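Participant: What follows is a single structure, and I will ask about it in a moment.
Read the figures in this text as sums done on the coordinates, not as results from a lab. Everything quoted here is computed from the prediction, not taken from an experiment. Glycine gets a Cβ as well: all are built from the backbone with ideal geometry, and neighbour counts include every protein chain shown.
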Amino acid sequence: METLIVLDFAGTLSIETILFGREDRLRRALVQSGLAALGYREPKRFWEDLVIPTWEEGARSSIGYTGVLRNQIKAHPIKEIEKAVNSFVARYLKHSRIHPAWRPLFERTRNSSDVQILIATDHYAELTWHLRQELRSWRIPLLPLRNGLIQKSAGQEVPYSFPQKRQPVLLATSADLGALKSEPLFWETVAEQILLSRFSRILLIDDFGFNEHPGDPYRAQGKVEQRRNTVTRLLSKAGGKSLEVFPFYLENVTLEDPPCKIHQSFEALIQQALVLCQSA
């Protein structure tokens with residue numbers, strides 16, 4: 001039985017990515033990066049002037065987080081803007097770590113021919129390079145879907161068989177595919193490249209934006225359940241007919257709670273998800 005485990009990134013694989021948006025941490029990053037000196041000292045202005053107007057462009061293109069921020073900031077010398085933006089995004093990525101409690105799942109599946117991990121996420125272009133470096137530290141290869149995985153055999157399309165001993169984790173980001181997860185093109189592209197229909201079981205583990213910072217437009221009122229319904233429908237339509245969904249919702253904490261409490265709840269939720277993965 002071939003199983004595909006589909007994992008979201010921010011809010012699911014990584015909690016630090018979300019905690020970076022806490023007012024205290026974000027304000028410190030704005031000062032330390034130099035964005036505060038350019039007029040973006042307050043988190044509220046950062047969200048409203050820089051992130052919200054540019055999110056969809058950044059999430060659907062190769063311009064990256066640095067690119068949309070650089071284009072959005074005006075009336076300052078370009079060298080100052082680039083220095084501040086590069087510093088800020090570097091700090092953000094430094095905090096965008098996969099929680100170590102997920103590591104056993106990655107290590108268990110890297111030598112398995114029956115279980116495949118796919119990280120599927122709406123994110124900026126920089127994430128592809130970042131995750132490649134992070135998984136490399138675990139000795140796990142990463143293969144972005146934009147490279148194309150289908151091969152021809154006797155005139156038919158078949159899944160690519162990886163020659164290396166360590167099966168790679170597959171990655172599908174909105175920036176690489178040019179579409180958000182709530183858009184048909186995202187899952188149509190995934191289905192074309194890895195033949196979703198060959199998997200007898202697909203397990204989707206995703207927070208659908210529920211765990212995002214309250215100021216993030218991705219978590220806007222009503223969007224979480226709408227995104228959950230849309231993503232589930234599109235993934236099923238694309239070939240994931242035996243689809244199970246684990247809503248990775250941190251329901252009993254807020255981002256204003258002490259980080260230790262948030263981490264405890266996050267780790268407990270990971271353990272619940274791992275129980276489902278173990279049956280794969």
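Participant: By its C-alpha gyration tensor, with a ≥ b ≥ c as the square roots of the eigenvalues, how is region 1-131 shaped: rounded for a/c under 1.5, else prolate for a/b larger than b/c, else oblate?
Facilitator: prolate
Participant: Nearest 20 debye, what's the magnitude of the dipole of the chain about its Cα centre given +1 on Lys and Arg Cβ and -1 on Asp and Glu Cβ?
Facilitator: 680 debye
Participant: Which net charge results when you count Lys and Arg as +1 and Asp and Glu as -1 among the other residues whose beta-carbon is under 12 Å from that of residue 76?
Facilitator: +2
Participant: Give me the Å³ per residue figure for the convex hull around the C-alpha atoms of region 21-94.
Facilitator: Convex hull of Cα atoms, per residue: 82 Å³.
Participant: Further, regarding this structure: Quick one: net charge around residue 206, please, counting Lys, Arg +1 and Asp, Glu -1 for every other residue with C-beta under 13 Å from its C-beta.
Facilitator: Values: positive: 181, 227, 228; negative: 8, 122, 207, 212, 225, 244.
Charge balance in the 13 Å sphere: -3.
Participant: Name the residue farthest towards the positive end of the dipole of region 234-280 from the options 252, 269, 234, assuming +1 on Cβ of Lys and Arg, -1 on Cβ of Asp and Glu, about the Cα centre.
Facilitator: The listed residue farthest towards the positive side: 234.
Participant: Assuming a viscosity of 0.692 mPa s and a temperature of 37 °C, what translational diffusion coefficient in µm² per second does Stokes-Einstein assign to the chain, Rh being the Kirkwood radius over Cα pairs?
Facilitator: The estimated diffusion coefficient comes to 168 µm²/s.
Participant: Rounded to the nearest 20 debye, what is the charge dipole size of region 1-148 about its Cα centre when +1 sits on each Lys and Arg Cβ and -1 on each Asp and Glu Cβ?
Facilitator: In total the dipole reaches around 560 debye.
Participant: Determine the sum of side-chain charges near residue 125: Lys and Arg each +1, Asp and Glu each -1, restricted to other residues whose C-beta is under 14 angstrom from that of residue 125. Could the numbers behind the result be given before it?
Facilitator: Working: positive: 60, 70, 132, 146; negative: 56, 57, 122, 126, 176.
Taking every Cβ under 14 Å from that of residue 125, the sum is -1.
Participant: For a distance above 17 Å, tell me the whole-number percent of Cα pairs in region 51-119 that qualify.
Facilitator: That fraction is 60 percent.
Participant: Same structure again: Can you work out the FRET efficiency for the pair residue 260 and residue 111, with r the C-beta to C-beta distance and R0 = 35 Å, to the nearest 0.05? Numbers along the way, then the final one.
Facilitator: Working: r = 34 Å, r/R0 = 0.98.
Taking R0 as 35 Å, the efficiency between residue 260 and residue 111 is 0.55.
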